[in-house]
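Report on the structure given below.
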Amino acid sequence: MALAGEDFCIVAADTRQSDGYHINCRYAPKAHQLSDKTVIGTSGFYADGLNFVKKIKQRMEWYFHQHDKTMSTTAIAQLISIMLYQKRFFPYYVFCVIGGIDENGKGCVYSYDSVGNAERVQYQAAGSGNELLQPFLDSQIGLKNRSNENETLNLTEEMAIKIVKDAFSSVTERDIHTGDCVEIYIIRKDGVECQKYPLKRD
Amino acid sequence: MEVLLGIQGKDFVLVASDALAITSIVAMKRNHNKTRKLNDNVLLMFSGEGGDSVQFCEFIQRNVQLNGIRRGYPLSTKAAANFTRVELAESLRSRHPYQVNLLIAGCDPDTGVPELYWMDYLASLKKLPFAVQGYGQYFCNSTMDRYYRPDMNLEEAKALMKKCINELKVRFIINFSDFVFQVVDKDGIKEIKLE
Amino acid sequence: MITFFLVLLQSGNEYNGGAVVAMVGKDCVAIASDKRFGLELLTLATDFEKIFKMNDKCYIGLAGLATDVQTLSEELKLKCDLYKLREEREITPKKFAHLVSSTLYDHRWGPYFCEPCIAGLDENNKPFICSTDLIGCINFAKDFVVCGTTARELYGICESFWEPDLGPEELFEVISQSLLNAFDRDSKSGWGAVVHIITPEKIITRHLKTRQD
């Protein structure tokens, strides 16, 4: 999942890698840092995810050598959409979200389906637990169904991290494919920090 | 490919049914009656598999009438609708369920309160202010949503019915040519014309 | 006809749509449902309540195929009333749960396509909730139970929102927010909601206005 604040962004993913009822690996990172302003989270078919991230990094490096600058988050967002759509009829089985800081220094999140439909959002859950997570985010970050319609949320980093941890603990409780550990990437203007937070291992 | 419509007004229910009997791609008949009178104030309208629907509805018709004779007073609309539902629900779990979709329109002869019930072949019963059965649902529900008011008089209901029929004529692939319009109110059931 | 039943087996629970949730509080229980009645994605009515009162201290919510919701609710009400006449006392929620379970299991090879949630207070006013699957396997829960097309969404959000020992008003807030936010992410549920809070003294019933899409 990913969520954007005013001048920061959070991308978080659990590290369980499973196949049906079987757990293949308890520490298989699904979130990857692409630059010091962008992080991607992938879910779906793990091998496709890894390969897709590798391809993105390669394209970013070409871009760097050609233009002598790192790709911006918005540029990466567009690139991902194009790369996914290029394989429209044999898609990467990945559902990704990216989070980062855009050109104006604002936090941003882009969410995708497996064939490259992209949307800029404030928050997004993807993967096996997305149905369980999304309504919670709607309520806590989207402030949906509140009696006071003018209520605004001043999302601080501490609050956001707390929400992420709460969300993942809840999903771990009910989704068998989620668990073990969650990696929380906090993307700020001056770089990326990664925190690890243990989850239930059952 | 059949359409039944019903609009509950202030003190009446206006209903319409197409008069087309279809077998495969052939229009067999253009004056087919798809309604049965359950008693003086309750009308049952049906669509669905040819044999099933007539068989089932006549079975219901006779039992509702028998019930009225035995007790000495007619079944209310609600009672008739629930009786029909139980029969259809039982048939649903049998070897050969009746494939029949129904609308039940009625009006209490004493109080004049109109009622319209919608029921599909699964025997889900729902009381609705306006109801459409068959493919017409996809065309007419929005029109009804937009123009329906609970306190409509007969003329207004007729106007709304015309809008719905017109919508079907414009957008639906089948040309029904003829509809049978009936009004159920406290004085009974009578056929009317929409001029 | 056979294909029709095969289709039903796969999607009977998803044909009409619906959401039901029940939660335990401190000396009270809450049960809530949406009010949509539809055929797959076509909405026909928005006043179809899926919660039925068995007695003052026992409610059942049925999500699933509408015809079976109606049939089963009537059958269960009949059985409850007969129990009351025979035993000269009200049925307790736990006994009722077993009654529901055996009623459903009676139809093991041609099941009713609905999943019940039961909520009530027992003879000592202790909260009781449970749910069963469509053939009557009971799940006794200490926190909350959910069913319907919105089950997954409800699981996620209830797991976050629910906490032990909520009073009636807090419980109302929690169950309402859970249900509202959950069914806003489900196209087959919503269009209004109803919440019942059962306390030893009284039953609080509230109808919620929600977004109509």
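The values are calculated or read from the model by the stated rules, or taken from the named source; none is laboratory data. Bear in mind that the values here come from a model prediction, so they are computed numbers and not experimental data. For neighbour counting, all protein chains shown are included, and Cβ atoms are generated from backbone atoms with ideal geometry for every residue, glycine included.
Let's see how each residue does on (1) within 29 Å of residue B:73 (Cβ to Cβ); (2) at pLDDT below 95:
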{"site": "B:102", "(1), (2)": "yes, no"}
{"site": "B:123", "(1), (2)": "yes, no"}
{"site": "B:144", "(1), (2)": "no, no"}
{"site": "B:168", "(1), (2)": "no, yes"}
{"site": "B:177", "(1), (2)": "no, yes"}
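Scanning region B:41-64 finds one or more residues that are within 20 Å of residue B:179 (Cβ to Cβ), touching a helix residue (DSSP H, G or I) at 6+ places or on another chain (Cβ under 9 Å) and either within 14 Å of chain C (Cβ to nearest Cβ) or aromatic (Phe, Trp, Tyr) (or both). Selection of first residues in region B:60-89 that are closer than 19 Å to residue B:109 by Cα and free of Cβ contacts under 8 Å to residues at least 40 places away in the same chain and of second residues that are among the small types (Gly, Ala, Ser) and surrounded by fewer than 21 Cβ atoms within 10 Å (Cβ to Cβ), restricted to Cβ pairs under 9 Å at least 6 apart or on distinct chains, gives the following pairs, ordered by first then second residue: B:64/B:79; B:67/B:79; B:74/B:68; B:75/B:68. Would region A:109-118 turn up any residue that is away from chain C (no Cβ under 14 Å), under 13 Å from residue A:3 (Cα atoms), surrounded by fewer than 23 Cβ atoms within 10 Å (Cβ to Cβ) and not basic (Lys, Arg)? There is no residue in region A:109-118 that is away from chain C (no Cβ under 14 Å), under 13 Å from residue A:3 (Cα atoms), surrounded by fewer than 23 Cβ atoms within 10 Å (Cβ to Cβ) and not basic (Lys, Arg).
Would you confirm, using the coordinates I've provided, whether residue A:110 is hydroxyl-bearing (Ser, Thr, Tyr) and in contact with a Gly (Cβ under 7 Å, 6 or more places away or on another chain)? No; evaluated as a whole, the condition is false for this residue.
Note on region B:126-139: residues that are facing chain C (nearest Cβ under 7 Å) and either touching a Gly at 6+ places or on another chain (Cβ under 7 Å) or in contact (Cβ under 8 Å) with a residue 12 or more places away in the chain (or both) amount to 1. Taking each residue of region C:88-117 that is over 24 Å from residue C:12 (Cβ atoms) and looking for partners that are β-branched (Val, Ile, Thr) with beta-carbon atoms closer than 7 Å, six or more apart or interchain, yields C:93/C:118.
Quick check, is residue B:139 under 25 Å from residue B:21 (Cα atoms), at pLDDT below 95 and surrounded by 16 or more Cβ atoms within 10 Å (Cβ to Cβ)? In short, yes. Note on region B:13-46: residues that are under 11 Å from residue B:189 (Cβ atoms) and among the acidic types (Asp, Glu) amount to 1.
Looking at A:12, A:28 in this structure, which one is within 27 Å of residue A:160 (Cα to Cα) and free of Cβ contacts under 8 Å to residues at least 24 places away in the same chain?
A:28
Among the residues of region B:34-53, just one is under 25 Å from residue B:195 (Cβ atoms) and not in a strand (DSSP E or B), namely B:34.
Here is the figure for region B:1-33: residues that are assigned to a strand (DSSP E or B) and not charged (D, E, K, R) total 18. Just to confirm my filter: which strands (runs of 3 or more DSSP E) fall fully inside region C:39-142 and include at least 2 residues that are closer than 30 Å to residue B:144 by Cβ, in contact with a Leu (Cβ under 9 Å, 6 or more places away or on another chain) and within 14 Å of chain B (Cβ to nearest Cβ)? Per the criteria, C:42-45, C:58-64.
Of the residues making up region B:91-125, just one is assigned to a helix (DSSP H, G or I) and at the interface with chain C (Cβ under 9 Å from one of its Cβ atoms), namely B:92. Scanning region C:159-177 for residues that are under 21 Å from residue A:134 (Cα atoms) and either more than 9 Å from every other protein chain (Cβ to nearest Cβ) or in a loop (DSSP other than H, G, I, E, B) (or both) yields a total of 5. Restricted to region A:122-174, and to residues there that are more than 12 Å from every other protein chain (Cβ to nearest Cβ) and β-branched (Val, Ile, Thr), the residue that is surrounded by the fewest Cβ atoms within 10 Å (Cβ to Cβ) is A:152.
Residue count for region B:147-157, restricted to those that are away from every other protein chain (no Cβ under 14 Å) and surrounded by fewer than 20 Cβ atoms within 10 Å (Cβ to Cβ): 7. Residues that are surrounded by fewer than 18 Cβ atoms within 10 Å (Cβ to Cβ) and within 12 Å of chain A (Cβ to nearest Cβ) were ranked within region C:178-213; the one that is farthest from residue C:53 (Cα to Cα) is C:211. Restricting the first member to region A:39-52 and to residues that are over 15 Å from residue A:116 (Cα atoms) and buried (at least 23 other Cβ atoms within 10 Å of the Cβ), and the second to residues that are modelled with pLDDT of 95 or more and not hydrophobic (A, V, I, L, M, F, W, C), the beta-carbon pairs closer than 8 Å and six or more apart or on different chains are A:39/A:32; A:39/A:33; A:39/A:99; A:39/A:100; A:39/A:185.
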